[in-house]
Amino acid sequence: MGNSRDRLTVDELRKEVEEWRKNRPKTKSFISFFSDPVDRAGGARTLLILPATMVMVPIIELTNLLLIRPVLATLHTIIVILATFVLRFFARPLIRIGCWAIRGKDKGIRKSIYSMYPGFLHLTVVVFGPSLRRYLRIDPSDIRSAGSFQEWIDDTLGVEGIWVESDVSRAVRHETWCPFVDHGIPLDPTCKGKYDPSYRDNTSCVKGCPEYCSVFMRGWLNDFLKSVNPEFEVEPMRHLMPNGDEYCEMVYVTKRTRSTDSEVKP
Amino acid sequence: MNILIAFYSRTGYTKELALLIAEELMARGHEVELERIEPLEDENMWPLLWRTQWYWGALALGILSNKYREYFINNYRIPEVEIRSLVHQDVSSFDRICIGCGKQTIVPCAIESYLRIVDGLKGKKVGAFATWAGPPLKHFEVEHLFRPIADRLERRGASLVSILGLSSRYHEYHGQMLGIFEFLSRVRFGKPISYFGVHSEYGRKNMKLFLDELIKGSTDVKESRGWRRSFQGTGIRGVASASLWTTLGPLRHEFKKRFLERYR
């Protein structure tokens, strides 16, 4: 914006319009295309460009609508399906490796895996993030909408949870049942392990390994949230089922709604 | 009521309509404030045309397919220009706001800038008026100009409650364009362009209706004009339906005409 101006009154406007009425612009005749040098230059250029745009724009638009966008949409859908399969079938071994690395993170190969693990999770966000953002129709100004990434993870893995707070700048999710806490069950859509103890496998569960959720999972969620909006983040978790709490609590905040340090005691 | 009339006028015809509206409002006992929206640099008419020339091809495609037209109106980007600082930067103290402009193929760039930078629009009832060369064609003039304005107002928390479009019977781009509009007016409405002029009976009557609706503030233009239903421009379904209707829409009508009605 430029200079500041004085207030325009109705009387001033009336005077202006009366002046304008005496000499109001009239539509020019076709002859001015040849007589007026400005119109000659402008009109010639328009006559050259206009037919090209009348032909080219529909071609470009139809190519976009009929070819490019359907191909891109199909590509995104394939990537999302692939991401769902990867999460569904590799989550269990990945969690097993993660917990194994955490339990011996001070030395040897476990130390290396522990340090590389967040990088690997970040890579999944880079590869699958853009397609997931599109598939989940995430609104970058709404943190609850960004939280639908976690809903997708939970739906894929069979984790049960609810949103106890839903706002555009703050959202809280409680996860009340997780197949990896008490019993590492086979990843089965019927969740047989929840009802039948014979399906349970305690060797790979995250019980006694809360760091997996508080460090790796939180880091992964934060990676994704940062790719949506750099102001979004998940606060350090105060309630964790591997610690013996009733539920895991994920608090999604923006920089404005972040709790003060005294409130958060991970 | 305290009413703000903000207008952008290049050739003076919208300014004249703004004055008529201001006088009518004052005659009804309302307080009127004026805001002239001015680009920092005045432009020759040709660069204005070139800036919007991209849209002409899309407009042609929009004639073939209603779906495409909706998609186009919802998705096109209006370029902005730098405008002079506003006298009334914050409009929250006004009860009603009137925004006026001419139609430059699409929404004028200065109006796009104004709607982005003005403060205090939340919860306001807004009326929009415009002058254009031709008759009030439902899609080419009314929908192409007022629907994007309604969308932008809605995004800022305001609502468009009243619209007025009248003919200036003036076209900057030479007489042949006016001839085309004169022809369209006689074909579509059976009346000359002058019938829809600012000083005509039609103009006076519609201006009164416009102001009545503006003061009442209960009409939702998007709802009453059927602009609420938005076309889904993203996702497979949206793209597929746009693609399908863009190509098959005209063929479907032809098919119905030739085959279905024959066997009915």
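Brief remarks on what is shown
- Neighbours by Cβ (under 9 Å, 6+ apart or cross-chain): first from segment B:75-87, more than 26 Å from B:V32 (Cα to Cα); second at pLDDT 80 or above and β-branched (V, I, T): B:Y76/B:I106; B:I78/B:I106; B:I78/B:V107; B:I78/B:I111
- Candidates are the residues of segment B:145-180 that are within 11 Å of another protein chain (Cβ to nearest Cβ) and part of a loop (DSSP other than H, G, I, E, B); the one that is nearest to B:E16 (Cα to Cα) is B:S168.
- Residues that are closer than 22 Å to B:L137 by Cβ and buried (at least 17 other Cβ atoms within 10 Å of the Cβ) were ranked within segment B:66-86; the one that is farthest from the other protein chains (Cβ to nearest Cβ) is B:I78.
- Residue in segment B:15-38 that is farthest from the other protein chains (Cβ to nearest Cβ), counting only those that are in a helix (DSSP H, G or I) and small (G, A, S): B:A27
- Pairs with Cβ under 7 Å, 6+ apart, first in segment B:39-65 and more than 7 Å from chain A (Cβ to nearest Cβ) and closer than 17 Å to B:K103 by Cα, second among the charged types (D, E, K, R) and buried (at least 17 other Cβ atoms within 10 Å of the Cβ): B:M45/B:E172
- Applying the set (1) surrounded by 15 or more Cβ atoms within 10 Å (Cβ to Cβ); (2) within 15 Å of the chain's Cα centre (by Cα) to A:R137 leaves exactly one unmet item: (1).
- Against the list (1) over 17 Å from A:D154 (Cα atoms); (2) under 22 Å from the mean Cα position of the chain (by Cα); (3) not small (G, A, S), the condition A:C99 fails is (2).
- Candidates A:T53, A:T46, A:T74, filtered to the one that is surrounded by 12 or more Cβ atoms within 10 Å (Cβ to Cβ), more than 7 Å from chain B (Cβ to nearest Cβ) and polar (S, T, N, Q): A:T74
- Scanning segment B:95-112 for residues that are facing chain A (nearest Cβ under 9 Å) and among the acidic types (D, E) turns up nothing.
- Test for B:Q89: is it under 27 Å from A:R45 (Cβ atoms), within 10 Å of chain A (Cβ to nearest Cβ) and over 15 Å from the mean Cα position of the chain (by Cα): no
- Summed over segment A:13-43, residues that are within 30 Å of B:L86 (Cβ to Cβ), surrounded by fewer than 13 Cβ atoms within 10 Å (Cβ to Cβ) and of a type in the set (D, E, K, R) total 5.
- If you go through segment A:208-237 and keep only what is in contact with a strand residue (DSSP E or B) (Cβ under 7 Å, 6 or more places away or on another chain) and of a type in the set (S, T, N, Q), you end up with just A:N222.
- Hits in segment B:190-207 (condition: part of a helix (DSSP H, G or I) and surrounded by 12 or more Cβ atoms within 10 Å (Cβ to Cβ)): B:I193, B:S194, B:Y195, B:F196, B:Y202, B:G203, B:R204, B:N206, B:M207
- Identity of the residue in segment A:199-236, modelled with pLDDT under 60 and not in a loop (DSSP other than H, G, I, E, B), that ends up nearest to A:C99 (Cα to Cα): A:S204
- Evaluation of B:R116 against the conditions (1) surrounded by fewer than 16 Cβ atoms within 10 Å (Cβ to Cβ); (2) away from chain A (no Cβ under 12 Å); (3) closer than 25 Å to B:F210 by Cβ shows that the sole unmet condition is (2).
Residues checked against (1) of a type in the set (S, T, N, Q); (2) closer than 30 Å to B:A27 by Cβ:
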site: A:R14; (1), (2): no, yes
site: A:E19; (1), (2): no, yes
site: A:S32; (1), (2): yes, no
site: A:V38; (1), (2): no, no
site: A:G43; (1), (2): no, no
site: A:L47; (1), (2): no, no
site: A:L50; (1), (2): no, no
site: A:V55; (1), (2): no, no
site: A:N64; (1), (2): yes, no
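- Residues considered: A:V80, A:V86, A:V57, A:V71. Of these, the only one that is at pLDDT below 85 and either basic (K, R) or under 44 Å from the mean Cα position of the chain (by Cα) (or both) is A:V57.
So that you can scan it fast, the table gives a plain yes or no per residue for (1) under 25 Å from A:P179 (Cβ atoms); (2) part of a loop (DSSP other than H, G, I, E, B); (3) among the aromatic types (F, W, Y):
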{"residue": "A:P51", "(1), (2), (3)": "no, no, no"}
{"residue": "A:T63", "(1), (2), (3)": "no, no, no"}
{"residue": "A:T84", "(1), (2), (3)": "yes, no, no"}
{"residue": "A:A91", "(1), (2), (3)": "yes, no, no"}
{"residue": "A:V125", "(1), (2), (3)": "yes, no, no"}
{"residue": "A:P130", "(1), (2), (3)": "no, no, no"}
{"residue": "A:R137", "(1), (2), (3)": "no, yes, no"}
{"residue": "A:S145", "(1), (2), (3)": "no, no, no"}
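- Test: residue in segment B:55-67 that is at pLDDT 90 or above and part of a helix (DSSP H, G or I): no
The values are calculated or read from the model by the stated rules, or taken from the named source; none is laboratory data. If you're wondering where the values come from, they're calculated on a predicted model, not measured in any experiment. Ideal geometry is used to build each Cβ from the backbone, glycine not excepted, and the neighbour counts take in all protein chains shown.
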